[in-house]
Structure formats: C-alpha cells, structure tokens
Amino acid sequence: MKSGLEDVVAAETKLSDVDGAAGRLIIRGVSLDDLVATSRYEDVVALLLDGLFDAHIDAASIRSQLGAARVALFAHVEAADPADPALLALPPVDAMRALLARIEDGDDLASAIRLMAAPAVFLPAVLRLQNGDMPIKPDASLSQSGDILRMLSGRVPTTEQTAGLDAYLVTISDHGLNASTFASRVIASTHAGLTSSVLAAVSALKGPLHGGAPGPVLDMLDGVGKPENARAWLSHALDHGERLMGFGHRIYRVRDPRADALKTALKPIFASGQADAGRIALAEAIEAAALALLRERKPDRPLDVNVEYYTALLLDALGFPRNAFTGVFAIGRTVGWIAHAREQTLDGRLIRPQSRYVGPLPKAA
Ligand code: ACO
C-alpha cells in the first residue's frame, strides 16, 4: 500500500492534467499560461463544463445564469439571522459551508450554476456580517469576479482588481485528482448529488495541507517583516520543525506553474499603486531565502514555491481578510469539483476501495 495513495491512479479524466516533473498544468487541452492570458472566469466554466450536461454551455450564457443565480441566492442571506452565532463565530469558510448545505441536491446544469454562484454570494455576506456590516445585494449585470469584489467592499472594483480575481479563479479552477476533487468524485460515485459532492470537497479543502495555507503565508510575511530578516526567521522556523507555508507540493517537483500565473496577475495591481509595492519585494526576498534554505536542508527533496504563496499576496491586495482565503479558493475550485463529479457520475462506478486489516484478531473462544 502506498501511504497517501501517492502515484496511484484512481480515475481517468478529460478535465485536467498535472505534470509534476515538467511543471505543467493542462485544462481541457489548454495550457494554464494560455488560459490565464485569454480567459475570464466564465470562459473557464464553459470550458470545463462543456459536454457534461444536456444543455448547451457558452461563456455569455454562463455569465447571465450566474448573475441571476447570485440574485436568487441572496434570499438565503436575507433569511439568515444576522446574529446567528453559526454565522458570526465560525471561520468564514465554515459559515459559508453551513449556508451551502441549505441548497438542495441535484444533478443538472441549474444545480451546478447555483453551486458556483452560492459561495460567491455567501462568502462576502459572511465577511460583512462578521465585520458588523450589512451584506450587499448581488448585481446580475456584473461578471462573477466583479460582483464578488463589489459585494465584499461596497465599491465597484477597478479593471485591474477584477482582472486579478479572474486570473486567480481561472488559475485554481481545476487541478487533477487533488484531495478535495477526489472527495467530490467519491461522493458523486454514490449518486448523492452535486451539493453533497461540493460540501465534501469544501471540507477537504480547508485543511492547512491543502487549501488552508495562504493565510499562514501572510502570517509568515508579517513575522519576517523586512527582507533582511528572511533567512534568520525562516531558519528559526525550520529549526523548530515547522513547514514553510507556500512551499512544497505532492505532485510538482519543480516550480508550481500556478505560482507564476498569479505572480504575473498581481503585478498590475501593485504597479498601479492599488497595493503596497514593498509587499512584493518582501515576498520575493522570502521566496529566495526559503528556496536556498530548503535546498540546503532537504537536498534530496525538490521543494519549490506553490500556488498558495502568491495567492496570499493577490487576495490580500484585493481586500480579502486572510481568514477568508480558503473560502475564495472554494469559489474558484467549485467548477472543477462539479466537472469531476459529473464526469464520475456519467462514466464511473461506485468508488469502494479495500483496506488491509492490521489490528488484533479476536481471541479464540
Ligand atoms: N517546509 C519545510 N519542509 C517541508 C515542506 C515545507 N513547506 N514541505 C515538505 N517538507 C519536508 C517534509 O518535512 C519532509 O521532510 P522529512 O522527509 O525529513 O520528514 C519532506 O519535505 C517531504 O515531505 P512530505 O510530507 O512527504 O511531502 P508531501 O508531498 O506529503 O506534502 C505538502 C506536500 C503537504 C504540500 C507539504 O509540502 C507542505 O506541508 N507544505 C506546506 C503547506 C502548503 O504550502 N500547503 C499548500 C499546498 S498547495 C495546495 O494544496 C493547493
């Protein structure tokens, strides 16, 4: 048995391919670099879902369906008790998941649209409530990214900010058989429905070894403070057995291509003075020091920067609080979870692996 099922093939998919040795990600035949350069969120939704439902799918109709679904889903926010401790005290991703659980299960495109629109409405609403502000109604005429940022801050976002969030949502839309996607496929294989698959996937995503790392990346940046402190601070963390957040990956043995895509996406926001440019300089200094230290201390284990590192800078610059980063990840990855769930339901069998019993045997009578 391989611990962590490393290298075990558990599904065939036409959705995405992660080539860890080459540092390459392909989504439905398009390389990530090309996809980020040419696509908005709605384009990648159409790309991933095309052919998986009976209905015709194109980016323009996805945009209007998502807009209408966001507006309809706001009823769940209006119906919620704004003083409910489950909304106010839970981490934002957990509060968002609690609201998601109210959406009925289904297997059609309308269910998929609802599930992609729901976290986009619920996360900004939860963040505003937790901040003592009233949630803002969705605007169906905006793109999903533009509306998320508007519902978060109450202001119409700049072109650079909307493009930055689009680049993020496209970059993280799908990524092979990662833990949350596998969870989604397992649930889908029982024919439980898309809401159940997405809830399972959100639950897998929130762990710090999966999608919960970018918040701690910012804590690390704050801890280091100045570029000249980087090596000493990181050495101290490694001496105490800590992992450097935003580095290492189960599949990539070279640089995570998503890190570069996000680094490119965040530059216009910083270059136009919409975020503190010193933050990028600090991040680059920490990255260089971390890579040098990891190579010295783990010469046999190639450890490079992963997607979470520049995610942290980008989402911070877009105004998301760090405790919400996992929830934003879920907004972007939901389309991938749905695509895999549909692929599994259409083509796959019930997933039911075996375990090897290594416990005690019953005593003879
Ligand atoms: N910092 C320091 N050491 C590390 C790091 C790190 N970030 N990552 C791995 N190592 C070390 C481990 O301590 C281990 O050393 P050992 O053999 O001496 O015990 C060795 O490298 C191998 O580590 P594994 O646990 O086998 O690596 P695995 O493939 O299971 O883990 C993971 C990958 C979980 C991403 C890991 O690199 C990690 O914890 N990184 C930090 C958290 C992080 O950035 N998570 C986001 C991942 S991206 C995503 O999921 C979207």
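The values are calculated or read from the model by the stated rules, or taken from the named source; none is laboratory data. Since we're looking at a predicted model, the values are computed, not measured. FYI the Cβ positions are ideal-geometry reconstructions off the backbone, even for glycines, and counts take in every protein chain you see. Areas reflect the complete protein model, heavy atoms only, side chains present, ligands, DNA and RNA absent. Shrake-Rupley method; radii C 1.70, N 1.55, O 1.52, S 1.80 Å.
The set of residues in the stretch 6-19 being surrounded by 14 or more Cβ atoms within 10 Å (Cβ to Cβ) and out of contact with any Gly (no Cβ under 9 Å at 6 or more places or on another chain) consists of ASP19 alone. Within the stretch 220-258, the set of residues being open to solvent by less than 20 Å² (accessible area, probe 1.4 Å), in a loop (DSSP other than H, G, I, E, B) and either touching a helix residue (DSSP H, G or I) at 6+ places or on another chain (Cβ under 6 Å) or more than 30 Å from VAL18 (Cβ to Cβ) (or both) comprises LEU244, GLY246, ASP256.
Taking the criterion of being open to solvent by 70 Å² or more (accessible area, probe 1.4 Å), of a type in the set (A, V, I, L, M, F, W, C) and more than 30 Å from ASP133 (Cα to Cα), would at least one residue in the stretch 82-95 satisfy it? No: zero hits. Of all residue pairs spaced 6 or more apart or on separate chains, those with beta-carbon atoms under 9 Å, a first member in the stretch 343-365 that is in a helix (DSSP H, G or I) and a second member that is open to solvent by 100 Å² or more (accessible area, probe 1.4 Å) are GLU343/GLU12; GLU343/LYS14; THR345/HIS191; ASP347/GLU12. Annotation note: Cβ proximity below 6 Å between a residue of the stretch 126-144 that is more than 15 Å from PHE74 (Cβ to Cβ) and a residue that is open to solvent by 30 Å² or more (accessible area, probe 1.4 Å) (sequence gap 6+ or interchain) occurs for GLN130/LEU88. The condition (being within 16 Å of the ligand (Cβ to nearest atom) and closer than 29 Å to VAL156 by Cβ) is satisfied by just one residue among LYS263, LYS298, LYS267: LYS263. Taken as a whole, the stretch 248-260 holds at least one residue that is away from the ligand (no atom under 14 Å from the Cβ), farther than 24 Å from ARG102 by Cβ and within 21 Å of the chain's Cα centre (by Cα). Look at the stretch 157-180: where a residue is on the phi > 0 side of the Ramachandran plot and a partner is assigned to a loop (DSSP other than H, G, I, E, B), sitting 6+ places away or on another chain with Cβ atoms under 9 Å, you get GLY176/THR13; GLY176/LEU15; GLY176/ILE251. Can you name the residue in the stretch 160-171 that is buried (at least 24 other Cβ atoms within 10 Å of the Cβ) and either of a type in the set (Val, Ile, Thr) or at pLDDT below 95 (or both) and, of all such residues, is nearest to the ligand (Cβ to nearest atom)? Per the stated criteria, the residue is THR171.
When PRO157 is tested against (1) more than 16 Å from the ligand (Cβ to nearest atom); (2) open to solvent by less than 10 Å² (accessible area, probe 1.4 Å); (3) out of contact with any Pro (no Cβ under 6 Å at 6 or more places or on another chain), only condition (2) is not met.
Taking ALA292, is it under 21 Å from ARG231 (Cβ atoms) and touching a helix residue (DSSP H, G or I) at 6+ places or on another chain (Cβ under 9 Å)? Taking the combined requirement at face value, the residue satisfies it. The helices (runs of 4 or more DSSP H) falling completely within the stretch 1-106 that include 2 or more residues that are assigned by TED's automatic domain parsing to the domain that holds SER145 and not aliphatic (A, V, I, L, M) map to 32-38, 41-49, 59-79, 92-100. Selection of the stretch 107-134 for residues being polar (S, T, N, Q) and in a loop (DSSP other than H, G, I, E, B) yields only ASN131.
Within the stretch 289-324, which residues are surrounded by 19 or more Cβ atoms within 10 Å (Cβ to Cβ) and small (Gly, Ala, Ser)? The answer is ALA289, ALA290, ALA312, ALA317, ALA324.
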